[in-house]
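Notes follow once the structure below has been shown.
The values are calculated or read from the model by the stated rules, or taken from the named source; none is laboratory data. What you see is a predicted model, and the numbers here were worked out from it, not measured in a lab. Cβ placement follows ideal geometry from the backbone for every residue including glycine, while neighbour counts extend to all protein chains displayed.
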Amino acid sequence: MPPQVATPCPNVARPRGSASMVGRVRRASWVRRWLWGLCLIAFGPAWATGDEWTEVRTVGPFVIRAEFPLAPWQRLLDDLRGVQDDLTRVLAVPAAKQPIEVYLFQGEASYTAYLRQYLPQVPYRRALYVRGQGPGMVFAYQSKRLPEDLRHECTHAMLHAVLPEVPLWLDEGLAEYFEQPIEQRAYGCPHLAAVRRRAWWGMTPDLPDLERRTLPEQMDKAQYRDAWALVHFALHGPPEARRELRDYLSDLASGATAAPLSARWQRHWPELSPVLRHHFDRWQRPN
Ligand SMILES: [Zn+2]
């Protein structure tokens, strides 16, 4: 496997960003990747150990450095710890052992200035997950959308901290699911209405098709929606769906060759579409 120095969140078509860094990194020459690594090694730690941070806080696996006081964001910090707990408790994903560095900027101006100076290869996005040769790094800035941005990018960081490979659809499906605050995950995600409407018309996510999409540029809004829907089915559908996802993640964590989730679910449901339709047809917030 070629050196993979940096892997920002590859959400190509999300409103928070639009570029495809993973695709660009994969097409880059090894020299460029090597230079990229030097850039991260040379500037990241030097910058990180500066005194300019208003607050430094450790929360679960995250070492958070912020240009602003974190007290008003306590709920968000609790959420991040909660996502790690849920990944472990619900899906048996091992907890990240290495620290994940999170850099939070006062506003878009200082965030953009930093990216332009130290990570000029990274296309602009409102928030970023970057996997360097050291710990994973998350960058974001203070805004109304910071909570969802941070929960999304930190989910990527937690997955990549312990899984040698994360299939792209599942990486984004889990990040989409966990970017919602806990009370919104099951019934309040903006994807739900569209997924239910499509299910009513007989249109359901095509898991094998998603599994074939390994490049960020192959993931558009529709694929993010469908990846979220399949994670929702796994977590709130029949118990076998969750059990198979747990086993799949366990195999991915071990580094063993893992049969795709579609093959595992097919043992229970030779036709997945009617099961998905049934799941979303009846899925309504209880009164
Ligand atoms: Zn993402």
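Observations on the model:
- A single entry from LEU159, LEU174, LEU163 fulfils the requirement of being within 12 Å of the ligand (Cβ to nearest atom), under 19 Å from PRO99 (Cα atoms) and either aliphatic (A, V, I, L, M) or over 11 Å from the mean Cα position of the chain (by Cα) (or both): LEU159.
- The residue list LEU119, LEU128 contains one member that is away from the ligand (no atom under 15 Å from the Cβ) and buried (at least 16 other Cβ atoms within 10 Å of the Cβ), which is LEU119.
- Any hit, the range 233-249, residues being on the phi < 0 side of the Ramachandran plot, within 16 Å of the ligand (Cβ to nearest atom) and not assigned by TED's automatic domain parsing to the domain that holds ARG151: no
- Output for the range 252-280, where each listed residue is over 22 Å from the mean Cα position of the chain (by Cα) and either closer than 21 Å to ARG198 by Cβ or not assigned by TED's automatic domain parsing to the domain that holds ARG197 (or both): TRP265, TRP269, GLU271, LEU272, SER273, PRO274, VAL275, LEU276, ARG277, HIS278, HIS279, PHE280
- Within the range 204-221, residues that are over 21 Å from LEU272 (Cβ atoms) have Cβ atoms under 8 Å from residues that are in a helix (DSSP H, G or I) and at pLDDT 95 or above in these pairs: LEU215/LEU168; PRO216/LEU168, counting only partners at least 6 apart in sequence or on another chain.
- Complete set of residues in the range 68-103 that are basic (Lys, Arg) and either more than 19 Å from GLY173 (Cβ to Cβ) or in contact (Cβ under 8 Å) with a residue 40 or more places away in the chain (or both): ARG75, ARG81, LYS97
- Every residue from the range 177-197 that is touching a residue at least 12 places away in the same chain (Cβ under 8 Å), away from the ligand (no atom under 16 Å from the Cβ) and within 20 Å of LEU272 (Cβ to Cβ): LEU192, ALA194, VAL195, ARG196
- Filtered by the rule that a residue be small (Gly, Ala, Ser), more than 16 Å from the ligand (Cβ to nearest atom) and either surrounded by 18 or more Cβ atoms within 10 Å (Cβ to Cβ) or not assigned by TED's automatic domain parsing to the domain that holds ARG75 (or both), the range 131-156 gives a lone residue, GLY132.
- Near pairs, Cβ below 6 angstrom, 6+ apart or cross-chain, from the range 269-280 (under 16 Å from ASP226 (Cβ atoms)) to any residue that is in a loop (DSSP other than H, G, I, E, B) and aromatic (Phe, Trp, Tyr): VAL275/TRP269
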